[in-house]
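Notes for the one structure printed next.
The values are calculated or read from the model by the stated rules, or taken from the named source; none is laboratory data. Bear in mind the structure is a predicted one, so any value in this text is a computation, not a measurement. With ideal geometry, Cβ positions are generated from the backbone for all residues, glycine too; neighbour counts draw on all protein chains shown. In case anyone asks, the SASA skips ligands and DNA or RNA and just uses the protein heavy atoms, side chains included. Shrake-Rupley method; radii C 1.70, N 1.55, O 1.52, S 1.80 Å.
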Amino acid sequence: MSKIVVCRCEDVTLADLEHSVARGYHDIEEVKRYTGFGTGPCQGKECVAVVACALARLTGAAPATVPPFTSRPPLAPTPLRWFVRDPAAHRFADDRGDDADDGAAPATDEEA
Amino acid sequence: MRAFEGESVAAALFASGTRVLARSLKYHRPRTFFCMSGHCSGCLVRADGVPNLRACQIPCRPGLEIQGQNAYPSPDFDILGAVDFFFAGGMDHHTLMTGSRLLNKVANKVVRQLSGLGTLPGHDDAVAPEVRSIEVDVCVIGAGPAGLAAAAAAARAGAHVLCLDEQLRAGGSLLTDPRHGVAAADAAVRDVHDAGAGLIAGACAIAFYPEDAAGGVLAVAAPDGLLRVRARRWVWASGGYPVNLLFGDNDRPGVMAARGVGRLLVQHRVLAGGRICVVEDPGVAAYAGALAAALHAAGAEVERVAADAVERVRGRSWVKAVQLRTGKKIDCDLVAVAAVPSPASEGPRQHGCAVTLDPPRGGFRVVVDDDGHTTVADVLACGDVTGHLGPDAAAAMGARVGAVAAAEACP
(Lines give C-alpha, C1' and ligand atoms only; values in the text may rest on other atoms or scores of the structure.)
Protein backbone atom coordinates (compact mmCIF):
# COMPACT_ATOMS: atom_id res chain seq x y z
CA MET A 1 0.00 0.00 0.00
CA SER A 2 1.50 3.29 -1.05
CA LYS A 3 1.31 6.61 0.74
CA ILE A 4 0.73 9.92 -1.05
CA VAL A 5 2.74 12.34 1.05
CA VAL A 6 1.74 16.01 1.08
CA CYS A 7 4.14 17.12 3.84
CA ARG A 8 7.42 15.22 3.98
CA CYS A 9 8.72 16.99 7.10
CA GLU A 10 5.85 15.67 9.25
CA ASP A 11 4.82 12.60 7.21
CA VAL A 12 1.32 13.94 6.50
CA THR A 13 -0.50 12.10 3.73
CA LEU A 14 -3.38 12.99 1.41
CA ALA A 15 -5.41 10.39 3.38
CA ASP A 16 -4.70 12.38 6.58
CA LEU A 17 -6.13 15.52 4.91
CA GLU A 18 -9.23 13.60 3.82
CA HIS A 19 -9.60 12.24 7.36
CA SER A 20 -9.23 15.74 8.81
CA VAL A 21 -11.89 17.17 6.49
CA ALA A 22 -14.18 14.22 7.25
CA ARG A 23 -13.85 15.00 10.97
CA GLY A 24 -14.93 18.58 10.32
CA TYR A 25 -11.57 20.36 10.23
CA HIS A 26 -11.76 22.29 6.93
CA ASP A 27 -9.95 25.53 7.69
CA ILE A 28 -6.24 25.52 6.81
CA GLU A 29 -5.25 26.57 10.35
CA GLU A 30 -7.39 23.77 11.81
CA VAL A 31 -5.97 21.24 9.39
CA LYS A 32 -2.46 22.41 10.28
CA ARG A 33 -3.13 21.85 13.97
CA TYR A 34 -4.89 18.53 13.45
CA THR A 35 -2.41 16.92 11.07
CA GLY A 36 0.76 18.84 11.91
CA PHE A 37 1.41 19.67 8.25
CA GLY A 38 3.62 22.73 7.75
CA THR A 39 5.11 22.56 11.24
CA GLY A 40 8.40 20.86 10.33
CA PRO A 41 11.78 22.20 9.29
CA CYS A 42 10.51 23.66 5.98
CA GLN A 43 7.59 25.44 7.72
CA GLY A 44 5.28 24.91 4.75
CA LYS A 45 7.56 25.90 1.88
CA GLU A 46 6.99 22.58 0.18
CA CYS A 47 3.46 21.83 1.36
CA VAL A 48 1.29 24.87 2.07
CA ALA A 49 0.29 25.44 -1.57
CA VAL A 50 -0.12 21.70 -2.19
CA VAL A 51 -2.34 21.32 0.89
CA ALA A 52 -4.35 24.48 0.13
CA CYS A 53 -5.06 23.24 -3.40
CA ALA A 54 -6.04 19.82 -2.04
CA LEU A 55 -8.33 21.42 0.56
CA ALA A 56 -10.02 23.51 -2.13
CA ARG A 57 -10.68 20.28 -4.08
CA LEU A 58 -11.85 18.33 -1.00
CA THR A 59 -14.17 21.04 0.31
CA GLY A 60 -15.31 22.49 -3.00
CA ALA A 61 -14.08 25.96 -2.00
CA ALA A 62 -12.91 28.37 -4.69
CA PRO A 63 -9.07 28.53 -4.49
CA ALA A 64 -9.06 32.33 -4.12
CA THR A 65 -11.06 31.95 -0.88
CA VAL A 66 -8.46 29.65 0.73
CA PRO A 67 -5.91 31.67 2.73
CA PRO A 68 -2.43 30.47 3.72
CA PHE A 69 -1.63 29.86 7.37
CA THR A 70 0.12 32.66 9.27
CA SER A 71 3.79 33.10 8.39
CA ARG A 72 6.00 33.58 11.42
CA PRO A 73 9.74 34.13 11.86
CA PRO A 74 12.16 32.64 11.12
CA LEU A 75 11.79 32.30 7.35
CA ALA A 76 14.44 29.57 7.21
CA PRO A 77 15.98 27.14 9.71
CA THR A 78 18.01 29.39 11.99
CA PRO A 79 20.21 28.60 14.99
CA LEU A 80 18.70 30.17 18.13
CA ARG A 81 21.87 32.13 18.74
CA TRP A 82 20.90 34.44 15.86
CA PHE A 83 18.07 35.64 18.07
CA VAL A 84 20.19 36.03 21.17
CA ARG A 85 21.94 39.24 21.96
CA ASP A 86 24.43 40.37 24.50
CA PRO A 87 22.65 43.21 26.32
CA ALA A 88 25.95 44.89 27.21
CA ALA A 89 27.14 44.98 23.62
CA HIS A 90 23.90 45.70 21.78
CA ARG A 91 21.39 47.86 23.54
CA PHE A 92 19.87 49.21 20.30
CA ALA A 93 19.27 52.52 22.06
CA ASP A 94 18.96 54.09 18.59
CA ASP A 95 15.84 51.99 17.97
CA ARG A 96 14.06 53.05 21.12
CA GLY A 97 13.89 56.67 20.00
CA ASP A 98 15.41 57.95 23.25
CA ASP A 99 17.22 56.22 26.02
CA ALA A 100 16.08 58.47 28.84
CA ASP A 101 14.52 55.50 30.58
CA ASP A 102 17.68 53.43 30.46
CA GLY A 103 18.90 52.61 33.91
CA ALA A 104 15.91 54.17 35.65
CA ALA A 105 13.19 51.86 34.40
CA PRO A 106 12.95 48.26 35.56
CA ALA A 107 14.51 45.76 33.15
CA THR A 108 12.17 44.79 30.33
CA ASP A 109 12.20 41.59 28.33
CA GLU A 110 14.26 43.43 25.74
CA GLU A 111 17.02 44.12 28.21
CA ALA A 112 16.89 40.93 30.21
CA MET B 1 35.58 12.53 0.50
CA ARG B 2 36.66 14.71 -2.40
CA ALA B 3 34.76 17.88 -3.22
CA PHE B 4 35.18 21.09 -5.11
CA GLU B 5 35.82 24.32 -3.25
CA GLY B 6 32.57 26.12 -2.45
CA GLU B 7 30.48 23.14 -3.52
CA SER B 8 27.59 22.24 -1.23
CA VAL B 9 27.88 19.16 0.96
CA ALA B 10 24.75 17.79 -0.72
CA ALA B 11 26.25 18.03 -4.21
CA ALA B 12 29.49 16.41 -3.03
CA LEU B 13 27.62 13.60 -1.22
CA PHE B 14 25.44 12.93 -4.25
CA ALA B 15 28.40 12.93 -6.61
CA SER B 16 30.28 10.45 -4.43
CA GLY B 17 27.37 8.00 -4.29
CA THR B 18 25.69 8.70 -0.94
CA ARG B 19 21.96 8.22 -1.30
CA VAL B 20 19.91 7.94 1.93
CA LEU B 21 20.73 10.56 4.59
CA ALA B 22 18.08 10.27 7.30
CA ARG B 23 14.67 8.94 8.28
CA SER B 24 11.38 10.79 8.52
CA LEU B 25 9.76 11.91 11.75
CA LYS B 26 6.71 9.65 12.04
CA TYR B 27 6.96 6.60 9.78
CA HIS B 28 10.77 6.57 9.55
CA ARG B 29 10.64 6.51 5.79
CA PRO B 30 13.99 7.09 4.13
CA ARG B 31 14.78 10.74 3.41
CA THR B 32 17.32 12.40 1.17
CA PHE B 33 17.98 15.07 -1.47
CA PHE B 34 14.93 16.63 -3.10
CA CYS B 35 15.08 20.36 -3.87
CA MET B 36 18.84 21.09 -3.56
CA SER B 37 17.93 24.68 -2.73
CA GLY B 38 17.42 24.71 1.03
CA HIS B 39 13.64 24.69 0.88
CA CYS B 40 12.74 21.15 1.93
CA SER B 41 13.77 18.94 4.83
CA GLY B 42 15.16 16.13 2.69
CA CYS B 43 18.89 16.55 3.20
CA LEU B 44 19.09 17.30 6.95
CA VAL B 45 22.35 16.01 8.41
CA ARG B 46 24.47 16.39 11.51
CA ALA B 47 27.53 18.47 10.61
CA ASP B 48 30.43 18.82 13.07
CA GLY B 49 28.10 17.85 15.92
CA VAL B 50 25.29 20.26 14.99
CA PRO B 51 21.98 18.54 14.11
CA ASN B 52 19.37 19.32 11.46
CA LEU B 53 21.51 21.29 9.04
CA ARG B 54 20.63 21.34 5.34
CA ALA B 55 23.43 19.62 3.44
CA CYS B 56 22.64 21.67 0.33
CA GLN B 57 23.39 24.90 2.24
CA ILE B 58 26.70 23.85 3.84
CA PRO B 59 29.85 24.65 1.86
CA CYS B 60 32.41 21.84 1.84
CA ARG B 61 35.58 22.42 3.80
CA PRO B 62 38.49 20.19 4.78
CA GLY B 63 37.82 18.07 7.88
CA LEU B 64 34.07 18.68 8.00
CA GLU B 65 32.33 15.68 9.61
CA ILE B 66 28.89 14.73 8.27
CA GLN B 67 26.58 12.12 9.84
CA GLY B 68 23.11 10.86 8.94
CA GLN B 69 20.43 11.26 11.59
CA ASN B 70 17.09 10.09 12.95
CA ALA B 71 17.85 6.45 12.32
CA TYR B 72 19.16 3.43 14.20
CA PRO B 73 21.51 1.82 13.41
CA SER B 74 21.85 3.73 10.13
CA PRO B 75 19.72 5.67 7.62
CA ASP B 76 20.05 2.77 5.14
CA PHE B 77 18.73 0.24 7.64
CA ASP B 78 16.59 1.65 10.44
CA ILE B 79 14.65 -0.63 12.79
CA LEU B 80 11.97 2.01 13.34
CA GLY B 81 11.22 1.74 9.62
CA ALA B 82 8.87 -1.03 10.83
CA VAL B 83 6.45 1.72 11.93
CA ASP B 84 5.78 2.39 8.24
CA PHE B 85 4.67 -1.22 7.69
CA PHE B 86 2.55 -1.46 10.86
CA PHE B 87 0.74 1.75 9.91
CA ALA B 88 0.51 1.12 6.18
CA GLY B 89 -2.86 2.88 6.03
CA GLY B 90 -1.71 5.84 8.15
CA MET B 91 -1.85 6.75 11.81
CA ASP B 92 -4.07 9.28 13.58
CA HIS B 93 -2.00 10.25 16.62
CA HIS B 94 -5.04 11.96 18.19
CA THR B 95 -6.84 8.69 18.75
CA LEU B 96 -3.85 6.35 19.02
CA MET B 97 -3.85 4.37 22.30
CA THR B 98 -6.34 6.65 24.00
CA GLY B 99 -8.65 3.81 25.05
CA SER B 100 -6.97 3.25 28.42
CA ARG B 101 -5.46 5.95 30.58
CA LEU B 102 -2.53 3.74 31.61
CA LEU B 103 -1.78 2.61 28.06
CA ASN B 104 -1.96 6.24 26.94
CA LYS B 105 0.61 7.25 29.58
CA VAL B 106 3.00 4.54 28.44
CA ALA B 107 2.43 5.40 24.77
CA ASN B 108 3.19 9.05 25.48
CA LYS B 109 6.48 8.14 27.17
CA VAL B 110 7.52 5.98 24.23
CA VAL B 111 6.48 8.50 21.59
CA ARG B 112 8.35 11.32 23.33
CA GLN B 113 11.52 9.26 23.17
CA LEU B 114 11.01 8.53 19.50
CA SER B 115 9.80 11.86 18.18
CA GLY B 116 11.83 14.89 17.27
CA LEU B 117 14.60 15.27 14.76
CA GLY B 118 18.25 14.62 15.49
CA THR B 119 19.88 14.78 18.91
CA LEU B 120 21.24 17.74 20.84
CA PRO B 121 24.44 19.45 19.62
CA GLY B 122 27.68 17.92 20.76
CA HIS B 123 29.01 21.23 22.00
CA ASP B 124 27.82 24.63 23.17
CA ASP B 125 27.95 27.44 20.69
CA ALA B 126 27.38 30.43 22.91
CA VAL B 127 28.93 33.09 20.73
CA ALA B 128 26.31 35.68 19.81
CA PRO B 129 26.60 36.95 16.22
CA GLU B 130 27.98 40.35 15.35
CA VAL B 131 25.12 42.74 14.61
CA ARG B 132 25.33 45.47 12.00
CA SER B 133 22.68 47.96 10.91
CA ILE B 134 22.43 48.93 7.25
CA GLU B 135 20.22 51.56 5.65
CA VAL B 136 19.68 51.60 1.92
CA ASP B 137 17.32 53.16 -0.59
CA VAL B 138 16.24 49.84 -2.07
CA CYS B 139 16.63 46.38 -0.58
CA VAL B 140 16.08 43.49 -2.99
CA ILE B 141 15.46 40.10 -1.40
CA GLY B 142 16.51 37.30 -3.73
CA ALA B 143 19.17 37.17 -6.45
CA GLY B 144 17.53 35.04 -9.11
CA PRO B 145 16.69 36.42 -12.56
CA ALA B 146 14.09 38.88 -11.18
CA GLY B 147 16.10 40.10 -8.18
CA LEU B 148 19.36 40.54 -10.11
CA ALA B 149 17.58 42.51 -12.84
CA ALA B 150 15.77 44.63 -10.22
CA ALA B 151 18.97 45.38 -8.29
CA ALA B 152 20.86 46.38 -11.44
CA ALA B 153 18.02 48.58 -12.70
CA ALA B 154 17.54 50.30 -9.33
CA ALA B 155 21.28 51.00 -8.98
CA ARG B 156 21.49 52.38 -12.55
CA ALA B 157 18.63 54.71 -11.66
CA GLY B 158 20.82 56.15 -8.90
CA ALA B 159 19.59 54.31 -5.82
CA HIS B 160 21.78 52.86 -3.09
CA VAL B 161 20.88 49.17 -3.43
CA LEU B 162 21.48 46.05 -1.36
CA CYS B 163 20.57 42.68 -2.86
CA LEU B 164 20.48 39.59 -0.62
CA ASP B 165 20.51 35.92 -1.59
CA GLU B 166 20.25 32.95 0.74
CA GLN B 167 21.98 30.45 -1.56
CA LEU B 168 25.73 29.80 -1.46
CA ARG B 169 25.88 31.15 -5.01
CA ALA B 170 23.68 33.89 -6.48
CA GLY B 171 21.68 33.17 -9.62
CA GLY B 172 18.53 31.45 -8.39
CA SER B 173 16.68 29.46 -11.02
CA LEU B 174 19.28 30.41 -13.67
CA LEU B 175 21.56 27.86 -12.00
CA THR B 176 18.96 25.10 -12.39
CA ASP B 177 18.05 25.83 -15.99
CA PRO B 178 20.09 24.45 -18.91
CA ARG B 179 18.73 27.26 -21.12
CA HIS B 180 20.63 29.74 -18.90
CA GLY B 181 23.22 28.19 -16.60
CA VAL B 182 26.28 29.32 -14.70
CA ALA B 183 27.54 31.73 -17.37
CA ALA B 184 24.19 33.53 -17.50
CA ALA B 185 24.00 33.73 -13.70
CA ASP B 186 27.55 35.06 -13.45
CA ALA B 187 26.84 37.65 -16.17
CA ALA B 188 23.74 38.85 -14.31
CA VAL B 189 25.75 39.06 -11.06
CA ARG B 190 28.51 41.02 -12.84
CA ASP B 191 25.88 43.40 -14.16
CA VAL B 192 24.66 44.04 -10.60
CA HIS B 193 28.23 44.80 -9.46
CA ASP B 194 28.88 47.02 -12.51
CA ALA B 195 25.70 48.97 -11.75
CA GLY B 196 27.08 49.68 -8.27
CA ALA B 197 24.64 47.61 -6.18
CA GLY B 198 25.73 45.61 -3.17
CA LEU B 199 25.15 41.86 -3.37
CA ILE B 200 25.61 39.37 -0.53
CA ALA B 201 25.26 35.64 -1.19
CA GLY B 202 24.70 33.21 1.68
CA ALA B 203 22.62 35.95 3.36
CA CYS B 204 19.23 34.66 4.38
CA ALA B 205 16.38 37.02 5.26
CA ILE B 206 15.11 35.32 8.41
CA ALA B 207 12.33 37.69 9.45
CA PHE B 208 10.66 41.00 8.78
CA TYR B 209 9.53 42.91 11.85
CA PRO B 210 7.02 45.57 10.72
CA GLU B 211 6.50 46.78 14.29
CA ASP B 212 10.12 47.86 14.55
CA ALA B 213 10.63 51.64 14.41
CA ALA B 214 10.68 53.61 11.12
CA GLY B 215 9.07 51.27 8.61
CA GLY B 216 10.23 47.95 9.99
CA VAL B 217 13.46 46.04 9.93
CA LEU B 218 14.58 42.98 7.98
CA ALA B 219 16.74 40.58 9.99
CA VAL B 220 19.30 38.86 7.78
CA ALA B 221 21.58 35.98 8.74
CA ALA B 222 24.68 36.87 6.71
CA PRO B 223 27.98 34.95 6.59
CA ASP B 224 29.71 37.51 8.85
CA GLY B 225 26.89 38.25 11.29
CA LEU B 226 23.36 39.49 11.70
CA LEU B 227 22.25 42.40 9.54
CA ARG B 228 19.41 44.72 10.53
CA VAL B 229 18.35 46.24 7.25
CA ARG B 230 16.15 49.27 6.76
CA ALA B 231 15.10 50.50 3.34
CA ARG B 232 12.92 53.13 1.73
CA ARG B 233 11.61 50.57 -0.73
CA TRP B 234 11.58 46.78 -0.44
CA VAL B 235 11.56 44.52 -3.47
CA TRP B 236 10.69 40.88 -2.80
CA ALA B 237 12.18 38.71 -5.53
CA SER B 238 12.24 35.50 -3.53
CA GLY B 239 11.16 33.30 -6.44
CA GLY B 240 9.47 29.95 -6.03
CA TYR B 241 10.07 26.71 -4.18
CA PRO B 242 10.37 23.36 -5.95
CA VAL B 243 7.41 21.27 -4.80
CA ASN B 244 6.24 17.70 -5.26
CA LEU B 245 3.31 16.27 -7.20
CA LEU B 246 0.74 13.90 -5.73
CA PHE B 247 1.24 10.24 -6.62
CA GLY B 248 1.81 7.10 -4.57
CA ASP B 249 5.07 6.99 -2.61
CA ASN B 250 6.04 10.41 -3.96
CA ASP B 251 8.44 10.82 -1.02
CA ARG B 252 10.70 7.94 -2.03
CA PRO B 253 14.41 8.68 -2.30
CA GLY B 254 15.20 9.11 -5.97
CA VAL B 255 12.10 11.25 -6.49
CA MET B 256 13.67 14.68 -6.81
CA ALA B 257 12.45 18.09 -7.83
CA ALA B 258 13.30 18.72 -11.48
CA ARG B 259 15.01 21.91 -10.32
CA GLY B 260 17.13 19.86 -7.93
CA VAL B 261 18.13 17.56 -10.79
CA GLY B 262 18.71 20.68 -12.90
CA ARG B 263 20.88 22.30 -10.24
CA LEU B 264 23.01 19.15 -9.98
CA LEU B 265 23.48 19.08 -13.74
CA VAL B 266 23.81 22.79 -14.52
CA GLN B 267 25.60 24.17 -11.45
CA HIS B 268 27.48 21.11 -10.22
CA ARG B 269 27.98 19.13 -13.47
CA VAL B 270 26.56 15.99 -11.82
CA LEU B 271 24.26 13.71 -13.81
CA ALA B 272 21.79 12.47 -11.19
CA GLY B 273 20.71 9.24 -12.93
CA GLY B 274 21.20 6.95 -15.89
CA ARG B 275 17.51 6.29 -16.65
CA ILE B 276 15.50 9.33 -15.71
CA CYS B 277 11.72 9.67 -15.77
CA VAL B 278 10.53 13.29 -15.89
CA VAL B 279 7.05 13.59 -14.34
CA GLU B 280 5.69 16.94 -15.41
CA ASP B 281 2.90 19.42 -14.86
CA PRO B 282 1.87 20.96 -18.21
CA GLY B 283 2.46 24.43 -16.70
CA VAL B 284 6.23 23.92 -16.81
CA ALA B 285 6.49 21.88 -20.02
CA ALA B 286 9.08 24.24 -21.52
CA TYR B 287 11.45 23.82 -18.56
CA ALA B 288 10.82 20.07 -18.36
CA GLY B 289 11.58 19.74 -22.06
CA ALA B 290 14.80 21.73 -21.83
CA LEU B 291 15.93 19.74 -18.79
CA ALA B 292 15.07 16.40 -20.43
CA ALA B 293 17.08 17.37 -23.52
CA ALA B 294 20.07 18.44 -21.42
CA LEU B 295 19.96 15.23 -19.34
CA HIS B 296 19.81 13.20 -22.56
CA ALA B 297 22.72 15.15 -24.03
CA ALA B 298 24.68 14.40 -20.84
CA GLY B 299 24.20 10.68 -21.44
CA ALA B 300 21.00 9.66 -19.63
CA GLU B 301 18.02 7.83 -21.06
CA VAL B 302 15.06 10.12 -20.47
CA GLU B 303 11.33 9.55 -20.65
CA ARG B 304 8.73 12.29 -20.06
CA VAL B 305 5.30 11.49 -18.60
CA ALA B 306 2.36 13.69 -17.61
CA ALA B 307 1.81 13.99 -13.87
CA ASP B 308 -1.81 12.83 -13.99
CA ALA B 309 -0.80 9.62 -15.78
CA VAL B 310 1.28 8.46 -12.79
CA GLU B 311 -0.19 6.03 -10.24
CA ARG B 312 2.83 5.56 -7.99
CA VAL B 313 6.55 4.88 -7.93
CA ARG B 314 8.17 1.55 -7.08
CA GLY B 315 11.26 0.98 -4.91
CA ARG B 316 11.89 1.49 -1.21
CA SER B 317 15.31 2.88 -0.36
CA TRP B 318 15.65 4.23 -3.92
CA VAL B 319 13.18 4.52 -6.76
CA LYS B 320 13.12 1.63 -9.27
CA ALA B 321 10.20 2.44 -11.55
CA VAL B 322 7.26 4.70 -12.26
CA GLN B 323 3.95 2.89 -12.56
CA LEU B 324 1.34 4.55 -14.75
CA ARG B 325 -2.44 4.37 -14.26
CA THR B 326 -2.59 2.27 -17.41
CA GLY B 327 -0.52 -0.39 -15.62
CA LYS B 328 2.57 0.32 -17.73
CA LYS B 329 5.82 0.43 -15.77
CA ILE B 330 8.75 2.67 -16.65
CA ASP B 331 11.99 1.39 -15.16
CA CYS B 332 14.21 4.22 -13.95
CA ASP B 333 16.80 5.13 -11.34
CA LEU B 334 15.61 8.73 -10.90
CA VAL B 335 12.31 10.58 -11.06
CA ALA B 336 12.49 14.32 -11.78
CA VAL B 337 9.27 16.02 -10.68
CA ALA B 338 8.59 19.15 -12.69
CA ALA B 339 5.82 20.95 -10.78
CA VAL B 340 5.00 24.65 -11.01
CA PRO B 341 7.24 26.27 -8.34
CA SER B 342 5.33 27.55 -5.34
CA PRO B 343 5.75 31.34 -4.84
CA ALA B 344 8.05 32.05 -1.87
CA SER B 345 5.61 34.49 -0.32
CA GLU B 346 6.17 33.96 3.44
CA GLY B 347 8.43 37.02 3.66
CA PRO B 348 5.97 39.31 1.86
CA ARG B 349 3.21 37.88 4.07
CA GLN B 350 5.20 38.87 7.17
CA HIS B 351 5.49 42.25 5.52
CA GLY B 352 1.69 42.48 5.33
CA CYS B 353 1.31 41.95 1.57
CA ALA B 354 -1.88 40.31 0.33
CA VAL B 355 -1.50 36.96 -1.43
CA THR B 356 -3.98 34.80 -3.30
CA LEU B 357 -4.07 31.08 -4.02
CA ASP B 358 -3.61 30.66 -7.77
CA PRO B 359 -3.03 26.95 -8.54
CA PRO B 360 -1.92 27.31 -12.19
CA ARG B 361 0.75 29.81 -11.06
CA GLY B 362 2.06 27.58 -8.29
CA GLY B 363 0.36 28.61 -5.06
CA PHE B 364 0.05 31.72 -2.91
CA ARG B 365 1.28 34.48 -5.19
CA VAL B 366 1.85 38.04 -4.01
CA VAL B 367 -0.81 40.35 -5.45
CA VAL B 368 0.85 43.13 -7.50
CA ASP B 369 -0.09 45.79 -10.04
CA ASP B 370 1.72 46.31 -13.37
CA ASP B 371 4.58 48.18 -11.67
CA GLY B 372 5.07 45.52 -9.02
CA HIS B 373 3.36 47.42 -6.19
CA THR B 374 2.00 45.11 -3.53
CA THR B 375 -0.84 46.03 -1.20
CA VAL B 376 1.71 47.61 1.19
CA ALA B 377 2.89 51.10 0.23
CA ASP B 378 6.68 50.70 0.41
CA VAL B 379 6.84 47.08 -0.74
CA LEU B 380 7.18 45.82 -4.31
CA ALA B 381 7.57 42.32 -5.69
CA CYS B 382 8.73 40.81 -8.97
CA GLY B 383 9.40 37.47 -10.58
CA ASP B 384 8.03 34.07 -9.59
CA VAL B 385 6.94 35.25 -6.12
CA THR B 386 4.14 37.09 -7.97
CA GLY B 387 3.13 33.81 -9.65
CA HIS B 388 5.22 31.54 -11.84
CA LEU B 389 6.69 33.40 -14.84
CA GLY B 390 9.90 31.60 -15.78
CA PRO B 391 13.35 33.23 -15.92
CA ASP B 392 12.98 35.48 -19.00
CA ALA B 393 9.68 37.06 -18.00
CA ALA B 394 10.89 37.29 -14.38
CA ALA B 395 14.01 39.21 -15.44
CA ALA B 396 11.97 41.60 -17.59
CA MET B 397 9.60 42.25 -14.70
CA GLY B 398 12.53 42.68 -12.31
CA ALA B 399 14.11 45.39 -14.49
CA ARG B 400 10.82 47.27 -14.63
CA VAL B 401 10.08 46.99 -10.91
CA GLY B 402 13.65 47.86 -9.88
CA ALA B 403 13.44 51.12 -11.80
CA VAL B 404 10.08 51.96 -10.17
CA ALA B 405 11.47 51.22 -6.70
CA ALA B 406 14.49 53.47 -7.31
CA ALA B 407 12.33 56.33 -8.61
CA GLU B 408 10.14 56.15 -5.51
CA ALA B 409 13.01 55.76 -3.06
CA CYS B 410 15.02 58.68 -4.52
CA PRO B 411 12.50 61.15 -5.93
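Before moving on, here are some points about what is shown:
- Here the simple spin-label model places points 7 Å from the Cα toward Cβ, and for B:Ser74 and A:Thr65 these points are separated by 5.4 nm.
- Rounded to whole Hz, the Karplus (6.51, -1.76, 1.60) HN-Hα couplings of region B:158-174, x for glycine and proline: x, 7, 7, 10, 10, 10, 10, 9, 6, 6, 5, 10, 6, x, x, 5, 4
- Remark on B:Ile134: its backbone amide H falls under 5 Å from those of B:Arg228, B:Val229, B:Arg230, a criterion applied only to residues 5 or more positions apart or on other chains, H modelled at 1.01 Å from N.
- The residues of region B:92-119 listed by number as losing at least 50 Å² of accessible area in the complex, against the isolated chain and with a 1.4 Å probe, are B:His94.
- A:Thr65 - accessible surface, heavy atoms, 1.4 Å probe, Å² rounded to 10: 90
- Largest mean-square fluctuation among B:Arg275, B:Arg179, B:Arg263, in a Gaussian network model of chain B whose springs join Cα atoms under 10 Å apart, belongs to B:Arg179.
- On full extension, the segment bounded by B:Ser16 and B:Leu120 gains 34.7 nm, given 0.36 nm per residue less the C-alpha separation.
- To the nearest ten degrees, helix B:181-195 and the longest principal axis of the Cα atoms of chain B are 30 degrees apart.
- Volume in Å³ per residue [convex hull over Cα atoms, computed for the protein assembly as shown]: 163
- In chain B, the C-alpha radius of gyration followed by the widest Cα-Cα span (Dmax) gives 22.3, 70 angstrom.
- Computed about its Cα centre, the charge dipole of region A:5-65 is approximately 80 debye, with only Lys, Arg, Asp and Glu carrying charge at their Cβ.
- Inter-centroid distance (Cα atoms) of region B:364-387 relative to region B:239-255, Å: 27
- Proximal charge balance of A:Val51 [Cβ under 14 Å; K/R count +1, D/E count -1]: -3
- Only beta bridges with both residues in the protein assembly as shown are counted; by DSSP, about 50 percent of them are antiparallel.
- The largest accessible area among B:Thr98, B:Thr176 belongs to the first residue in B:Thr98, B:Thr176, and the rest follow in falling order (1.4 Å probe, all chains).
- With every protein chain in place and a 1.4 angstrom probe, the accessible-area ranking of B:Lys328, B:Lys320, largest first, reads B:Lys320, B:Lys328.
- Modelled FRET efficiency - R0 30 Å, B:Leu324 with A:Thr78, Cβ distances, 0.05 increments: 0.10
- Couplings 3J(HN,Hα) for region B:82-91, derived from phi with the Karplus relation 6.51 cos²θ - 1.76 cosθ + 1.60 (θ = phi - 60°), are 4, 4, 4, 6, 5, 10, 4, x, x, 9 Hz, where x marks Gly and Pro.
- For A:Thr13, nonlocal amide neighbours, meaning residues 5 or more places apart or on other chains whose placed amide H falls under 5 Å from its own, are A:Val6.
- Residues within the reach of a label modelled at A:Ser2 (point 7 angstrom out along Cα to beta-carbon, backbone nitrogen below 16 Å), restricted to region B:272-289, are B:277-281.
- Measuring gaps between exposed loop sites in chain B (chymotrypsin sites (Phe, Trp or Tyr not before Pro); DSSP loop; at most 13 other Cβ atoms within 10 Å), the longest gap, sites not included, is B:78-411.
- Lysines with Cα under 23 Å of B:Lys328, excluding same-chain neighbours fewer than 8 positions away: A:Lys3, B:Lys320
- Candidate residues B:Glu311, B:Glu65, A:Glu29: accessible-area rank, largest first, probe 1.4 Å: B:Glu65, B:Glu311, A:Glu29
- Between helix B:145-156 and chain B: long-axis angle, C-alpha atoms, 0 to 90°, nearest 10: 20
- Table column - 3J(HN,Hα) (Hz), region B:35-46, Karplus curve with 6.51, -1.76, 1.60, x for Gly and Pro: 8, 6, 9, x, 10, 10, 10, x, 9, 5, 9, 9
- Using only side-chain charges placed at the Cβ, +1 for Lys and Arg and -1 for Asp and Glu, the dipole size of region B:217-367 relative to its Cα centre rounds to 360 debye.
- For chain B, the longest principal axis of the alpha carbon atoms and the long axis of helix B:101-114 meet at an angle near 60°.
- Amide H to amide H distances under 5 Å link B:Phe364 with B:Asp358, where only residues 5 or more positions off or on other chains count and H is placed in the peptide plane.
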